[in-house]
1. Is it fair to say Asp193 is crowded, with 21+ Cβ neighbours inside 10 Å and in the same structural domain as Val362 (by TED's automatic domain parsing)?
2. Report, by residue number, each residue of region 293-316 that is surrounded by fewer than 18 Cβ atoms within 10 Å (Cβ to Cβ), in contact (Cβ under 8 Å) with a residue 24 or more places away in the chain and either outside any strand (DSSP E or B) or not assigned by TED's automatic domain parsing to the domain that holds Ser254 (or both).
3. Being part of a helix (DSSP H, G or I) and polar (S, T, N, Q) is the filter here, so list the residues in region 335-349 that pass it.
4. Considering each residue of region 1-34, count those that are assigned to a helix (DSSP H, G or I) and without any contact (Cβ under 8 Å) to a residue 12 or more places away in the chain, and give that number.
5. Taking Phe158, is it surrounded by fewer than 21 Cβ atoms within 10 Å (Cβ to Cβ) and either in contact with a strand residue (DSSP E or B) (Cβ under 7 Å, 6 or more places away or on another chain) or more than 20 Å from Asn301 (Cα to Cα) (or both)?
6. How many of the residues in region 165-202 are in a strand (DSSP E or B), of a type in the set (A, V, I, L, M) and farther than 21 Å from Leu97 by Cβ?
7. Go over the candidates Ala77, Ala61 one by one and state the one that is exposed (fewer than 13 other Cβ atoms within 10 Å of the Cβ), more than 12 Å from Met1 (Cβ to Cβ) and modelled with pLDDT of 95 or more.
8. Among the residues that make up region 355-374, is at least one of them more than 28 Å from Lys128 (Cβ to Cβ), assigned to a helix (DSSP H, G or I) and over 18 Å from the mean Cα position of the chain (by Cα)?
Amino acid sequence: MLVSISGQDKPGLMSALMAICVEFDAQILDMGQAVIHDELALGLLLSSSKNSDALREAIAARCADVGSALRLETVDADDYGNWARSIFASPLILTLLTNGSAAKPLQAVSALTHAWQMNIDTVRRLTKPRALVDARGVDERFGVEMRLSGELVNSVEFQAALLKLADQSDFDVSLQRDSVFRRNRRLVAFDMDSTLIAEEVMDELAKRHGVGDKVVAITDAAMAGKLDFKESFRQRAALLEGMPLQVLHEVAESVALNTGARRLIKALKHFGYTVAVFSGGFQYVGECLQQQLGIDYVFANELEEVDGVMTGKVLGDIVDAQRKAELLRQIAVKENISLAQTIAVGDGANDLPMLQQAGLGVAYHAKTIVRESAEHSISNFGLDAILYLIGFSDLDIEQALTRD
């Protein structure tokens, strides 16, 4: 018997219904409840060996007493068997984040899921309710997590269709298979320049040294995947020959964190995550950020200096795309963390191997080639939106940020 109850939430209704179940020896096979603005939606799937008619009458009488609407349906054995088998299938989690009106993105996503014969089983709000700003609307940030069920024949095509919708309507969306690994991420690795921080440090140094245009041209070619990163880095480093080391220190002190970066890392550290930076930029800048933010690991590049002046030569191995992916694997092993529990965040072509290897790879305000190749992207929000993709709500985040 499927019992569906709706109406104004009444204290004691659940207790009364459970008393009826006890009286009629009814087994609870499934249940779900949501309360939105004091309006109740409650579902119970029951089985009873006693008088089912009397059970129905008792439930109906209780609902009538409190003014709740009631619908009772009989579920046959085959339908129940199909349901029981389906709950062991790993459902999909779709996270939707938007600014402004949420109606259009929700309509687009729900129409797509329907077209692919997917059902939206539950919707959980991630962003907290906002006070009305004026008569025209509310604070713009809106995020929900949807649990989808159904047999998805081609997840790659469905994901591509979702991302196309997101690009067309300026919202962010992520689709993940719900698993124990999704709920227990443990390691987050960031690219640094244009991801964790707003600047490309090499470009800033070049501007101060009078070779800005030359370095920017090489940087753009490398980030677009048109030039080998190691060779491009050596070419750019050579252009910095003769620059005082103090200039690097000044730039490192002036870099700005990208929107949401501090909030994100503070929350991650509170929840026990290991945080790493793998950068094709400079070790000195990464270590400055490490001190500010409590980052656990920093791997970047070092330039040779003699008597406080840069020689234009690179020390040691250059951190490129493959090195970033290798570092992710190495730290995961060292920390006894499965790769499925890792997150990688980056914006350039040299981040793609790392993004594709991680359990959750996020392209952040990325170049087109990266956004099209990554499974998840954030283009309309700050870095702290990654917390929503992990499943944290604003309430969870605020508890982390207000800890002693």
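1. Considered against the rule, which asks whether it is crowded, with 21+ Cβ neighbours inside 10 Å and in the same structural domain as Val362 (by TED's automatic domain parsing), Asp193 comes out as yes.
2. Within region 293-316, Gly294, Gly308 meet the criteria.
3. Within region 335-349, just Gln341 meets the criteria.
4. 4
5. Details: surrounded by fewer than 21 Cβ atoms within 10 Å (Cβ to Cβ): yes; either in contact with a strand residue (DSSP E or B) (Cβ under 7 Å, 6 or more places away or on another chain) or more than 20 Å from Asn301 (Cα to Cα) (or both): yes.
It is true that Phe158 is surrounded by fewer than 21 Cβ atoms within 10 Å (Cβ to Cβ) and either in contact with a strand residue (DSSP E or B) (Cβ under 7 Å, 6 or more places away or on another chain) or more than 20 Å from Asn301 (Cα to Cα) (or both).
6. The total comes to 3.
7. Within the list Ala77, Ala61, the selection yields Ala61.
8. Yes, the conditions are met somewhere in region 355-374.
The values are calculated or read from the model by the stated rules, or taken from the named source; none is laboratory data. Since the model is a prediction, treat every value here as computed from it, not as a measurement. Virtual Cβ from ideal backbone geometry, glycine too; neighbours counted across all protein chains shown.
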